[in-house]
1. Round to the nearest 0.05 the FRET efficiency obtained for ALA15 and ILE35 when R0 = 35 Å and r is the Cβ-Cβ distance.
2. Could you sort out which of LYS65/LYS103; LYS82/LYS104; LYS60/LYS137 sit more than 29 Å apart by Cα distance in this structure?
3. Can you give me the relative contact order of the range 6-146 as a percent, contacts being Cα pairs under 8 Å and 6 or more apart?
4. Work out, step by step, the length gained on full extension between ILE23 and GLU83: first 0.36 nm times the residue separation, then minus their alpha carbon distance; give nm to one decimal.
5. Taking the Cα-to-Cβ direction at THR7 and at LYS126 and moving 7 Å from each Cα, how far apart do the two end points lie in nm?
6. Do any GluC sites (Glu not before Pro) in the range 2-110 lie in a DSSP loop with no more than 12 other beta carbon atoms within 10 Å, and if so, which?
7. Assuming R0 = 25 Å, what is the FRET efficiency of ARG47 and SER99, from their Cβ-Cβ distance, to the nearest 0.05?
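Please treat every number below as a calculation from the coordinates, not as lab data. As the structure is a prediction and not an experimental result, all values here were calculated from the model. Here the Cβ positions follow ideal geometry from the backbone for every residue, glycine too, while neighbour counts run over all protein chains shown.
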Amino acid sequence: MPNTSFTEILLGSGALITIITLIINHFFRIYNEDISKERIKWRERIRELSMEIVSFQGSKDDAYKLYSELSNRLNPYDESDKEISEKAYKLLNIEAENSNISKKDFVRDISILLKDDWERCKFDSKLRSIIPFINYKSKRNTENDSQ
């Protein structure tokens, strides 16, 4: 049996670690690309929905469809998202109540939501590829609280 030197073991281990690292990085890159593509579609649809809501002049059924789609695309556990959903409901006048929700406030909240998601996407694509276990901290709630 040949005598294996420390250098050969070290080189073999280095090659194995390199291969494992390449495989892990490849899967993280594919994961980030897929998530980024879906987020782009999500942001675009949120933009479209917000424009439709602001300019809406249709039936109650159509209003409820818009409200439902927007609400289903938002996080039901996030307070800022709940506020956006409530504002959309009032803007669409689904309950035929007089609301004092301004379109400007609704558009601002949507803009903050989209900007925050864009920042999260940039964060994930840069930092997550290097350090996979660091999470993005949203600034939305602090911005809404200060306004």
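1. Numbers: r = 31 Å, r/R0 = 0.88.
E(calc), rounded to 0.05, equals 0.70.
2. Distance filter (> 29 Å) returns LYS60/LYS137.
3. Dividing the mean separation by the residue count of the range 6-146 yields 25 percent.
4. The ILE23-GLU83 span can extend by a further 17.4 nm.
5. 4.3 nm
6. Filter output for the range 2-110: GLU95, GLU97.
7. Efficiency for this residue pair is about 0.65.
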